[in-house]
Amino acid sequence: MADFWGKWATKTAQYLISATNLSVFLFFDLLDFIMCIFFRFVDQILEGKPTPCYCRSQNRTKDCEDRRNARISDTLFGRKNGFRELGFLGITSWKVADDSKEIGSEDSRKTRWSDCGCESCVSWLNNEGDQKLHVVVQEPSSKGNQDISTTPTENVIFLHGFLSSSFLWTETVFPQLAGSKYRLFAVDLLGFGSSPKPRDCLYTMNDHLEMVETSVIREFNLTSFHLVAHSMGCMIALALAAKHPNNLKSITLTAPPYFLSSEEEDAGSIALKRLAYKRLWPPLLFGAAFMTWYEHLGRCVCFFLCRNHRTWERILKLVTRKRKLHFLVIDLTRHTHHSAWHTMHNVICGGAKMMDPCLEILRRAGARVIVVQGSRDQVVPVECSHNIKVMVPDAEVKIITGVDHSTVIIGREKEFATDLQLIWASVTNAKG
């Protein structure tokens, strides 16, 4: 009898949770539908024409081959909304550009009225030449290395994750590596930090790769390099490594979002469901789902937080009585909705399809692959690190007990930097 009542209570709780989830996200469907109409109206008034969105594309057949060639993720078009499917208010009769190229065809020199226009956010527009990423370079020191002039410089490229910037590395690992023999490059990825955030870009994997190559590899004439990446940056790092396997010395992936492919389901859909599943708990998963599934509600959040970031920063400084805020807080607002929305779908979801062939290239090349992740990571499942071991049997997987998605680096900077130097030294000695 006790077992019966226990099972009954468990099932009842599960039903209540499912019903609550369904009700809340159905309400968000309605709000997103309403905000779609609102933004079309306001964009028409303030900018002269409505900004194209993906809403009317969700239930229409598109040229899949063109999408694949452009590396546009199907998740942009496959997000269902019951209110749009019912055709409320005649929205389906509106004429809207359904071509993905038109969605990214706005003038890149202009900012949306809903984006921040402060000096720091639009500083990249002051560059009249070719747009390049913001890159922080820490040169090797001759201190303690008397023969540095005759020793080949080893280069290391650091790539941050989603809603982050080069601060992730320059504020944590770089100070620990001061005085080393390595030349370090911390990159603000396209659309984040102090890097360009053009409106005429769809922020595909190819866009990110091209900008890293132009701003770092070709700009500094790198013939060999190590790669270190965190979270979403791991996907870009893998694609970069697979494109330059002969120049790669090692690649360290920290909390990589990699899921084994399935015959039944598209890799992008798997990534979307696992990283942004529609659940109210835990909060990080709810936030990811909210910003990934709802194009217009996400724009509302960016308008409220990103456009007014200076006000929020002043308030936080007053509340915390600190003159300088933590870089994680600042990084949350250093993007536009357009850059974050497309990067989430076209890199994290769309890039999921590219990871298998990239890992296969590294396996065949015998590349040194190291994977590090925290045992309490609630953003990227720990299984992702073990999945890489399945694809690359020689990969070294290290699960750090008691740390999560960010504290795998932050809070253990010295240990992380020491491990990196041991990896780089072992690669140099092995090839020497």
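The values are calculated or read from the model by the stated rules, or taken from the named source; none is laboratory data. Fair warning: this is a prediction, and the values are worked out from it, not measured in the lab. Counting neighbours? That spans all protein chains shown, and the Cβs are built from the backbone with ideal geometry, glycine included. For the accessible areas, the whole protein counts, side chains as well, though only heavy atoms, and no ligand, DNA or RNA atoms are used. Shrake-Rupley method; radii C 1.70, N 1.55, O 1.52, S 1.80 Å.
Brief remarks on what is shown
- The residue pairs whose first member lies in the stretch 298-322 and is touching a residue at least 40 places away in the same chain (Cβ under 8 Å) and farther than 16 Å from S114 by Cα, whose second member is of a type in the set (D, E, K, R) and surrounded by 14 or more Cβ atoms within 10 Å (Cβ to Cβ), and whose beta carbons are closer than 8 Å, counting only pairs six or more residues apart or on different chains, do not exist in this structure.
- Residue identified as under 30 Å from L16 (Cα atoms) and in contact with a helix residue (DSSP H, G or I) (Cβ under 8 Å, 6 or more places away or on another chain) among K278, K273, K243: K278
- Screening F174 against (1) in contact (Cβ under 8 Å) with a residue 12 or more places away in the chain; (2) open to solvent by 10 Å² or more (accessible area, probe 1.4 Å); (3) more than 15 Å from the chain's Cα centre (by Cα) leaves a single unmet condition, (2).
- Residue check, A395 in contact with a helix residue (DSSP H, G or I) (Cβ under 8 Å, 6 or more places away or on another chain) and touching a residue at least 12 places away in the same chain (Cβ under 8 Å): yes
- If you go through the stretch 177-196 and keep only what is more than 16 Å from A237 (Cβ to Cβ), open to solvent by less than 20 Å² (accessible area, probe 1.4 Å) and assigned to a loop (DSSP other than H, G, I, E, B), you end up with L177, S180, G191, G193, S195, P196.
- In the stretch 371-380, the residues that are open to solvent by 10 Å² or more (accessible area, probe 1.4 Å) and either part of a helix (DSSP H, G or I) or modelled with pLDDT of 95 or more (or both): V372, S375, R376, D377
- Test result for R334, farther than 30 Å from R310 by Cα and basic (K, R): no
- Options H345, H326, H335: the member that is open to solvent by 60 Å² or more (accessible area, probe 1.4 Å), under 20 Å from the mean Cα position of the chain (by Cα) and not charged (D, E, K, R): H326
- The set of residues from the stretch 392-403 being part of a loop (DSSP other than H, G, I, E, B) and of a type in the set (A, V, I, L, M, F, W, C) comprises V392, A395, V403.
- Screening L284 against (1) closer than 27 Å to S194 by Cβ; (2) open to solvent by less than 30 Å² (accessible area, probe 1.4 Å); (3) in a helix (DSSP H, G or I) leaves a single unmet condition, (2).
- Selected residue (criterion: nearest to S426 (Cα to Cα)) from residues of the stretch 240-271 that are part of a helix (DSSP H, G or I) and open to solvent by 10 Å² or more (accessible area, probe 1.4 Å): A242
- Restricting attention to the stretch 123-161, the residues that are of a type in the set (A, V, I, L, M) and either open to solvent by 40 Å² or more (accessible area, probe 1.4 Å) or at pLDDT below 90 (or both) total 4.
- Residue check for F225: in contact with a strand residue (DSSP E or B) (Cβ under 8 Å, 6 or more places away or on another chain) and surrounded by fewer than 17 Cβ atoms within 10 Å (Cβ to Cβ): no
- Out of S339, S406, one residue alone is closer than 30 Å to V122 by Cα and in a helix (DSSP H, G or I). It is S339.
- Checklist (1) assigned to a loop (DSSP other than H, G, I, E, B); (2) open to solvent by 30 Å² or more (accessible area, probe 1.4 Å); (3) closer than 17 Å to P175 by Cβ applied to Q421, failing item: (1)
- Criterion (aliphatic (A, V, I, L, M), more than 14 Å from V347 (Cα to Cα), under 15 Å from the mean Cα position of the chain (by Cα) and not in a strand (DSSP E or B)) met by exactly one of L163, L168, L209: L168
- None of K414, K389 is assigned to a helix (DSSP H, G or I), basic (K, R) and in contact with a helix residue (DSSP H, G or I) (Cβ under 7 Å, 6 or more places away or on another chain) except K414.
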